[in-house]
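S.K.: Could you have a look at this structure, given as structure tokens, before my questions?
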Ligand SMILES: C[S@@+](CC[C@H](N)C(=O)[O-])C[C@H]1O[C@@H](n2cnc3c(N)ncnc32)[C@H](O)[C@@H]1O
């Protein structure tokens, strides 16, 4: 049986290691940003589900000391932040004290979430958990985004992405799904990208 790409470091994993990022997921964000031009110098950014920290490190490098990044994860980060404009809280994105901490540091121009539930192998259960995270992230966006802001959130495919995109379209000028090429071929994750928050 041939090794799946989960077992074998692929092109993206090797590139991440060479470039000092703890996870290959950084190239998904780079691709999303290249397509939608979301991250501007001086932006205030929230990264939900940030560990081990590739997205946060990429954002901090791009901000180059300008703006601000707040991040949250159940797990600690494995990065050395290159600038001081960074706040990390270890905890559950659903916890009221975590939510209060992060919302108090807003408003944000960009809310990012690569958060994924621990998978059980039961596709319906995993999809349900992913959709709950998406709804919680959208609620963060509704409360903390500045007018004109953008939101990127990972979702497991095959459930209610269409309904969630329609919901996003009521709050943003544009919303759509986007699957970066850096996603593993066998992965059923995709991203919802919404721009132009209306308040
Ligand atoms: C795919 S990883 C994120 C990778 C990250 N974007 C990077 O580039 O390093 C998904 C993360 O979501 C986090 N997560 C899942 N559920 C969470 C929750 N309820 N609260 C906070 N973080 C959560 C996990 O702990 C995990 O670290």
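Any read-out appearing in this document is the output of simple, stated calculations on the displayed coordinates, not a laboratory observation. Remember, it's a predicted structure, so these values are computed and weren't measured experimentally. FYI the Cβ positions are ideal-geometry reconstructions off the backbone, even for glycines, and counts take in every protein chain you see.
S.K.: Going 7 Å from the Cα of residue 34 in the Cα-to-Cβ direction, what parts of the range 175-190 have a backbone nitrogen less than 17 Å from that spot?
M.R.: Taking a point 7 Å out along Cα→Cβ of residue 34, the residues of the range 175-190 whose backbone N falls under 17 Å are 178-185.
S.K.: Under a crude label model (7 Å from the Cα following the beta-carbon direction), how far is residue 123 from residue 185 in nanometres?
M.R.: 1.9
S.K.: Could you give the nm distance between label points at residue 61 and residue 100, where each point is 7 Å from its Cα heading toward the beta carbon?
M.R.: 3.7
S.K.: Using a ≥ b ≥ c from the Cα gyration tensor of the range 98-199 (square roots of the eigenvalues), is it rounded, prolate or oblate, where a/c under 1.5 gives rounded and otherwise the larger of a/b and b/c decides, a/b for prolate?
M.R.: prolate
S.K.: Using a 10 angstrom cutoff on alpha carbons, build the Gaussian network for the chain and name the most mobile of 143, 19, 135.
M.R.: Evaluated over the chain, the most mobile residue of the options is 19.
S.K.: Right, another one. Could you work out [θ]222 nm for the chain from helices alone, using -39500 (n - 2.57) per DSSP H run of at least four and dividing by all its residues? Round to the nearest 500 deg cm²/dmol.
M.R.: Estimated from H runs of four or more residues: -11000 deg cm²/dmol.
S.K.: What share of all Cα pairs of the range 11-197, in percent, falls into each consecutive 5 Å distance bin?
M.R.: The percentages, shortest bin first, are 1, 8, 18, 22, 23, 17, 8, 2, 0.
S.K.: Taking a virtual spin label 7 Å from the Cα of residue 41 along the C-beta vector, which residues in the range 65-99 bring their backbone nitrogen under 15 Å of it?
M.R.: 65-68
S.K.: Still on this structure, please answer the following. From the Cα gyration tensor of the range 157-199, with a ≥ b ≥ c the square roots of its eigenvalues, which class applies: rounded if a/c is under 1.5, or else prolate if a/b is larger than b/c, or else oblate?
M.R.: Oblate, because a/c is 1.5 or more while a/b does not exceed b/c.
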